[in-house]
Each structure stands twice: as C-alpha cells, then as structure tokens.
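Working notes, structure below.
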Amino acid sequence: MLKTSPYSFFKPVIFFVLGAIAVLGFAPFYFYPASILSLVGLFYYWQQNINAKQAAFSGFIYGLGLFSSGIYWIYISLHDFGNMPSSMACLATFLLCGFMALFPALVGLLSSKISKGQSLALLFAMPICWALADWTRSWIFTGFPWLTMGYSQVPHSPLTGYLPILGVYGLSMLAVLSASLIAYSLTAKPNASFTRRHSMALLLMIGLVGGLLKSVEWTTPNAKPISVSLLQGNISQNIKWAPEVAQSTLRQYLAMAEASTAQLIIMPETSLPVLLSELPGDITSRLKKLARQNQGAILAGLIEREQGEYFNSMLNLASSPPAVYRKSHLVPFGEFIPFKALFGWIYRDWLNMPLSDLSRGSIHQQPMPIVGERIAINICYEDVFGEEIIRQLPQATLLVNASNDAWYGQSIAASQHMQFSQARALETGRTVLRATNTGATAMINPHGVVLAHAPHFTQTSLNVMAQGYSGSTPYVRFGNWLFLAISFIGLLAICLPNFLASRPKTK
C-alpha cells in the first residue's frame with residue numbers, strides 16, 4: 001500500500017495562504033515586498049521539476065487565495081446593496097474568484113510546457129506568461145484587471161521607475177521576474193551556466209535601474225497651479241437613488257459648492273441623482289453664477305438621456321450648453337447586461353441594481369478646456385485601463401476621476417481603486433484629481449504619491465492646488481506595445497532553441 005506524505009495534504013493550504021499574502025502588496029497595505037515574496041514560494045515549487053498538471057493546480061489554488069482575499073468585496077456589492085440572496089452572492093463571488101484563478105493556473109501550465117523542464121527557460125517563461133495573463137484579464141469579457149501584480153509595487157517600489165515606460169503590465173513582468181530570480185537562486189545547481197550570482201546580479205541591476213528611473217521627470221509643469229475643491233457628499237448607497245432623498249442630496253451638493261471659492265469644483269460620479277433634463281433650474285442657475293463668481297467651472301456627475309439612451313456623464317455645468325464627458329467603458333452586470341437574453345433573469349429574479357442598462361459614450365472624446373487647463377475626465381472603473389486613459393493624451397494637462405465606491409461598503413475596494421489612479425499618474429506624468437462619494441477622494445502627483453486625502457465616509461470638501469503638466473512619457477506614446485514587443489521577443493528566445501532542437505536532422 002502506497003503511503004502519502006502528510007505534506008501533500010498541506011500543499012493546497014500553503015499555496016492558498018501564499019496567494020492571500022500577495023494582497024498585502026496592494027492598497028491599503030502597500031507592503032510591496034509581500035507580493036514578490038509570495039510568488040517566490042510558488043515559483044520555488046514550480047522549479048522542482050514538477051509536471052504541467054501540478055503547476056496548473058498549484059497556480060489555481062494560489063489564485064483562489066489571491067482573489068478571494070483581494071476581491072471579497074464583490075459579495076458586499078451584490079448582497080448588501082444589490083439585495084441578492086446571500087447564498088447566490090457567495091456563489092457568484094466564488095465563481096468570479098475561480099474564473100480569475102484560472103489565469104495563474106494557465107501561467108503554470110504554459111510555463112511548464114514552454115520551458116520543457118529547463119530551469120533557465122522556466123526562469124524567464126514565468127514572468128512573461130504571468131504578465132501576459134494580467135494583460136489578457138484587462139480585455140477579455142470587457143476586462144477585470146484587479147490585482148494585476150504590477151499594482152502591488154505602486155508607488156513605493158524601485159520598480160515603479162519603469163511604469164512611465166512599460167506601463168503596469170510591464171511592471172507586472174518585472175515584479176514577477178524579481179520573484180522568479182529569487183526562486184531560481186534558491187534552486188540553481190552549482191554547475192549551472194546561469195548561476196545564483198548571475199540571478200542576484202540581474203535582480204540588483206533591475207532594482208538599481210528602476211530606482212534611477214524614478215528620478216526622471218518625464219513631463220514639465222505648466223505656469224501655475226489652479227485651486228480645486230473635491231466634494232465628497234458621503235451619501236449612503238442604500239438611499240442614494242430614493243426619490244424622497246434626491247432633493248436633499250441636490251441641496252447638500254449645492255451648499256457644499258457654494259461654500260467653495262475654488263476655480264474648479266468637482267463632484268463625484270452621479271452625485272446629482274436626477275436626469276439632466278430634470279435638474280431644477282434654480283440649482284443650475286446658482287451653480288453657473290458661482291462658477292462666474294469664482295472665474296472657473298463646476299464638474300458634476302449625473303445621468304443624461306438622449307433619444308431613449310441613458311449615459312453616465314460628467315458635465316461642466318458652467319458652460320452653455322454644458323460640456324459633457326460620457327463614460328465609455330461600462331461595468332458588466334453593473335451598468336450594462338452582457339448577453340441580456342442569457343443573463344437577464346439574474347436582474348429580474350435576484351439582483352436590484354439601478355442604472356444597469358446604460359449606453360456607452362464615444363471612445364474619441366477630447367479633454368475639456370477649463371481654467372487654462374485641458375482636463376481629461378474618466379468615470380469610476382475607467383481608470384483601471386491605462387491604455388484607454390492615454391487616448392486623451394498628450395493634449396490633457398490634468399486627469400480627473402469621478403467615482404462612487406460606496407457600492408463596496410467599508411472594505412478595501414476604495415483604497416485599491418485609488419492605487420489604480422496612482423499608477424495612471426505615474427504612467428502619464430500627470431496630476432490626478434479624484435472626487436468620490438464616500439472615498440477615496442484625493443490628489444495624486446505625477447510620481448504616484450498621494451498629496452492630499454480626505455477621510456473616508458465623511459461629508460467634506462478637499463481643497464487643493466493642482467498643478468497641470470505637459471509632455472509625454474514613453475507609455476503615453478506607445479501604450480502597451482513596448483511591453484507586448486518585449487514579451488514576444490522573450491517567448492521567441494525561449495521557444496526557438498527547443499523548436500530547432502526538435503527538428504529532424506538532415507544528412
């Protein structure tokens with residue numbers, strides 16, 4: 001009778017815990033070494049000449065630990081605010097985490113197949129495949145790139161020096177390569193052509209170059225900063241869309257705006273819970289008067305209706321007619337119903353989500369000229385996609401994100417979302433202004449550092465002086481193409497020798 005090692009029963013637990021530890025690298029913890037060290041544990045196992053099936057299984061369990069610990073707040077959105085029964089909300093959250101975990105599993109499978117048991121090939125295959133998996137998650141089924149490994153390094157790691165060049169997926173590749181080099185140094189044979197010293201030297205060089213790149217100023221400041229008020233209304237999601245609360249919400253934001261003397265006043269996403277056509281005339285006229293008085297503009301979030309379609313919009317209410325930005329990247333199941341014939345029953349029987357059938361704005365919208373600046377607006381979820389933010393650059397001098405993360409309660413979701421904005425600031429070399437309903441309302445400088453941050457779940461106005469910037473980073477010019485080119489060349493260098501060796505020799 002075969003004996004099974006007790007260790008084999010604990011392996012899944014170890015991989016799950018390693019995945020959960022990786023979450024410490026992301027906001028609000030910002031302990032960036034944790035994500036790299038958690039991968040070291042996984043890659044150490046992958047370097048033990050295991051087969052592809054074992055690599056895929058361990059990657060899947062690692063992914064379950066990562067995503068169940070990092071996006072548990074999906075349950076809060078579905079159950080607490082979407083009124084989905086707890087059993088269904090648990091199942092939906094688990095299925096999403098399970099689907100996301102397939103990507104680390106695929107990394108293990110492909111890395112094992114590509115390297116064909118060669119440690120050196122595996123060393124470089126793992127980071128390339130992981131980064132490509134993170135990139136794939138950003139567009140498949142409209143994209144959900146949460147917990148992309150590159151974000152775990154923002155903004156404090158030396159590796160963030162590469163962010164304005166390669167973007168967050170290139171940063172993922174370098175972060176995972178760092179873990180791969182450490183794991184290789186622990187398993188490399190003394191007579192290997194690429195020794196432990198080589199791996200540590202390469203790791204040190206990557207860190208030093210990244211640290212030097214952090215000091216590079218890719219963009220230049222404009223003449224002078226402008227005064228900005230970021231309004232945080234702190235309206236509970238449970239009552240936000242209740243008709244009997246709408247008037248008091250409108251009056252609250254009007255009072256907050258009229259208390260400000262800033263040139264630019266920014267309200268959160270859907271801060272005014274009425275259609276634009278139903279916005280009371282006295283509120284509109286008072287806001288326009290305030291903007292003239294402050295010699296500036298007022299950006300407010302509300303829903304537009306045009307020819308039977310509804311748009312999640314940000315409008316400059318001070319202009320005539322109001323200048324508008326319409327959200328183009330909508331949240332699946334939150335703002336539109338994918339495969340409505342197939343999934344419509346979820347909304348009919350299980351879920352109560354307002355504004356779940358919106359239309360998309362154009363992807364070719366341009367920055368708004370406001371107070372001498374050109375302001376690129378994005379709404380909520382859109383700042384997760386760096387390749388979409390750069391569509392309005394280099395023309396834009398300031399980035400504005402208007403959000404409502406009240407959907408996720410008192411979880412870590414809002415802080416994670418702010419970390420995306422920190423990455424966008426680094427990628428573009430621009431100041432990012434965030435106006436949110438319950439947090440995180442903040443101003444972020446071009447180095448990804450939060451300069452001002454309002455307390456969460458508090459009605460307040462965050463008053464800042466925002467500096468506009470001009471110029472382009474390499475990422476603004478090339479987007480993800482540099483990262484994709486490096487990945488392609490790397491895979492070619494790994495696969496070509498094995499392909500040539502497998503060809504039959506001719507006499």
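Key figures for this structure:
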| item | result |
| --- | --- |
| Single match in W130, W135 (criterion: in a helix (DSSP H, G or I), closer than 24 Å to L492 by Cα and within 12 Å of the chain's Cα centre (by Cα)) | W135 |
| Scan of the range 136-156 for residues that are crowded, with 24+ Cβ neighbours inside 10 Å and of a type in the set (F, W, Y), ordered by number | Y151 |
| Pick from the range 375-388, criterion more than 13 Å from Y325 (Cα to Cα) and not small (G, A, S), ranking: modelled with the lowest pLDDT | Y381 |
| Answer residue from the range 78-90, given it is polar (S, T, N, Q) and closer than 23 Å to S236 by Cα and is surrounded by the most Cβ atoms within 10 Å (Cβ to Cβ) among those | N83 |
| Search result, residues across the range 161-184 that are among the small types (G, A, S) and over 11 Å from L426 (Cα atoms) | G170, S172, A175, S178, A179, S180, A183 |
| Residue match in the range 470-477 (condition: assigned to a loop (DSSP other than H, G, I, E, B) and surrounded by 22 or more Cβ atoms within 10 Å (Cβ to Cβ)) | yes |
| Number of positions in the range 93-131 that are surrounded by 21 or more Cβ atoms within 10 Å (Cβ to Cβ) and over 23 Å from A175 (Cβ atoms) | 1 |
| Search result, residues across the range 171-196 that are of a type in the set (F, W, Y) and either assigned to a loop (DSSP other than H, G, I, E, B) or farther than 16 Å from W46 by Cβ (or both) | F194 |
| Sole exception among (1) out of contact with any Phe, Trp or Tyr (no Cβ under 7 Å at 6 or more places or on another chain); (2) within 19 Å of I21 (Cα to Cα); (3) assigned to a helix (DSSP H, G or I); (4) touching a residue at least 60 places away in the same chain (Cβ under 8 Å) for P155, by number | (3) |
| Members of the range 414-456 found to be part of a helix (DSSP H, G or I) and in contact with a strand residue (DSSP E or B) (Cβ under 8 Å, 6 or more places away or on another chain), listed by number | A414, H417, M418, S421, Q422, R424, A425, T428 |
| Residue satisfying all of: in the range 56-77; within 21 Å of L37 (Cβ to Cβ) and aromatic (F, W, Y); surrounded by the fewest Cβ atoms within 10 Å (Cβ to Cβ) among these | F60 |
| Close pairs from the range 444-463: first in contact (Cβ under 8 Å) with a residue 40 or more places away in the chain and in the same structural domain as L264 (by TED's automatic domain parsing), partner of a type in the set (F, W, Y) and not in a loop (DSSP other than H, G, I, E, B), Cβ under 8 Å, at least 6 apart | P446/Y469 |
| Subset of the range 377-413 (residues that are of a type in the set (G, A, S) and either outside the structural domain of N234 (by TED's automatic domain parsing) or outside any helix (DSSP H, G or I) (or both)) | A396, A402, S403, G409, S411 |
| The one condition in (1) of a type in the set (F, W, Y); (2) surrounded by 22 or more Cβ atoms within 10 Å (Cβ to Cβ); (3) within 26 Å of the chain's Cα centre (by Cα) that F16 fails to fulfil | (2) |
| Where a residue in the range 362-374 is not assigned by TED's automatic domain parsing to the domain that holds A291 and its partner, wherever it lies, is of a type in the set (G, A, S) and crowded, with 19+ Cβ neighbours inside 10 Å, with Cβ under 9 Å and at least six apart | none |
| Members of the range 120-163 found to be of a type in the set (G, A, S), under 27 Å from I50 (Cα atoms) and out of contact with any helix residue (DSSP H, G or I) (no Cβ under 7 Å at 6 or more places or on another chain), listed by number | none |
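Matching residues to (1) touching a helix residue (DSSP H, G or I) at 6+ places or on another chain (Cβ under 9 Å); (2) crowded, with 24+ Cβ neighbours inside 10 Å; (3) over 22 Å from G301 (Cβ atoms):
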residue	(1), (2), (3)
D405	yes, yes, no
I412	yes, no, yes
S421	yes, yes, no
L426	yes, yes, yes
V432	yes, yes, no
A435	no, yes, no
T438	yes, yes, no
P446	yes, no, yes
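The values are calculated or read from the model by the stated rules, or taken from the named source; none is laboratory data. Treat the numbers as computed from the prediction; the structure is a model and nothing was measured. Here the Cβ is made from the backbone with ideal geometry for all residues, glycine too, and neighbour counts use every protein chain on show.
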